[in-house]
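The values are calculated or read from the model by the stated rules, or taken from the named source; none is laboratory data. These numbers were taken from a predicted model, which means no experiment stands behind them. Reconstructed Cβ throughout: ideal geometry from the backbone, glycine too, with neighbour counts over all protein chains shown. Only protein heavy atoms, including side chains, enter the accessible area calculation; ligands, DNA and RNA are left aside. Shrake-Rupley method; radii C 1.70, N 1.55, O 1.52, S 1.80 Å.
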Amino acid sequence: MSRTIVIGDLHGCYDEALELLEKVGATSSDRIIFTGDLVDRGPKRRECVELAMQHESILGNHEEKHLQQRRRKDADLLPDHLETRQALGPEHLEYFATLPHYLLLPEHHAAVVHAGVLPGKTIAEQEPYHLLHAQCVKPPERKSYWPSKAPADHRFWTHHWKGPERVIFGHTVFDRPLVTEHAVGIDTGCVYGRSLTAVVLPTWEIVSVPARHTYRGGKDVALLPVHGDVNVYS
C-alpha cells in the first residue's frame, strides 16, 4: 500500500532530509509532502527547494516572506534572507508562488498546514495568517502570539481544534513531536541541532533523524509548556 510521508520544516537541512527519506524507506510509490519553510537558516537551501520540487510542499511563512521581498534591493534584506536569495534562481521563486496554503488528505482524515488553524472554520475557510503563523490564540479573537509573548488567557491552538481533520503542521519548534487526537506537530528544530521528523500515513508512525550539526545558534530561548508534556522553544 502506498504511503503519505509528511516531513517537518527543512530550513536548508538537505542531508538530514535525505537521511530521513532513507530511514522511512521512501519509494516512488509514496507521496512525500513538506510542511513549508524549506529555506533560510540552514546550509543547503537551494537543494531543499529542488527536493521539494520533486515531490510536494505547502507554503511556509519563510517562502511567503521571500515572495513579498522579491522587488526589494539586496541591501534592504536581512543577511539570512540575502543568503537565500543568492542561493536561488527565478524558477525557485516561481515555484514558491505555486505552493498551496494547505493540503487535504481525506483518505487519512487529515490535512497538512504550515502553522495552525482556528476552530469554527473548515480548513478551506482558514485565513492565510493563521495557516502560516498560528500559535497561541483565544478564539474567536484573530490575533496569534508567540508562546513567550502570549497573554495568560491564550492557549496553543491545538487545545481548541477538534477536527474533523487531524492537522499535521510545522512552524513551531517543539522539544518532541506534539501528538494529540486532532493535531500532530512535527517541527523538532533540525536547523537548531535537534532533529528532523516525519509522520508516516496511514499508520501515523513518527520517525526522526538527528541533526548533523547545529546550523543556527544564537539567542537563548525559553522552553515553555504548550500541550501535555510537550514544550516549545520560544
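Brief remarks on what is shown
- Under 26 Å from the Cα of Lys149 - lysines, other chains or at least 8 residues apart: Lys65, Lys121, Lys138, Lys162, Lys219
- Remark: spin-label model distance Glu141-Leu82 equals 3.8 nm, labels positioned 7 Å along the Cα→Cβ axis.
- Histogram of C-alpha separations across the chain, 5 Å bin width, %: 1, 7, 15, 19, 21, 18, 12, 6, 1, 0, 0
- Cα gyration tensor, segment 46-154 - rounded (a/c under 1.5), prolate or oblate: oblate
- Cα-based reach from Lys143 at 12 Å (exclusive), listing aspartates and glutamates while leaving out same-chain residues under 8 positions away: Glu127
- About the Cα centre, charge dipole magnitude for the chain (Lys/Arg +1, Asp/Glu -1 at Cβ), debye: 540
- Computed from the Kirkwood radius of its Cα pairs, the Stokes-Einstein diffusion coefficient for segment 1-53 at 20 °C and 1.002 mPa s stands at 192 µm²/s.
- Mean separation of Cα contacts under 8 Å, 6 or more apart, over the residue count of segment 54-127: relative contact order %: 36
- For the set Asp80, Asp229, Asp187, solvent exposure ranked by accessible area (probe 1.4 Å, protein chains only) runs largest to smallest as Asp229, Asp80, Asp187.
- Top of Arg216, Arg176, Arg72 by mean-square fluctuation, Gaussian network on the chain, Cα under 10 Å: Arg72
- Basic side chains Lys and Arg get +1 at the Cβ, acidic Asp and Glu get -1 at the Cβ, and with that the dipole of segment 4-65 about its Cα centre reaches some 60 debye.
- In the full protein context, the chain carries 46 Å² of accessible surface per residue, based on a 1.4 Å probe and ignoring ligands, DNA and RNA.
- Per residue, the chain reaches -6000 deg cm²/dmol at 222 nm when only DSSP H runs of four or more residues are counted, each adding -39500 (n - 2.57).
- Solvent-free Debye scattering, log10 I(q)/I(0), computed from the Cα coordinates of segment 153-208 at q = 0.19, 0.20, 0.21, 0.29 Å⁻¹: -0.67, -0.73, -0.79, -1.21
- Cα gyration tensor shape of segment 183-234, rounded if a/c is under 1.5, else prolate or oblate by comparing a/b with b/c: oblate
- Applying both filters, DSSP loop and at most 13 other Cβ atoms within 10 Å, to the GluC sites (Glu not before Pro) of segment 148-234 gives Glu181.
- Cα-based shape type of segment 98-231, given that a ≥ b ≥ c are square roots of the gyration tensor eigenvalues and the cut on a/c is 1.5: oblate
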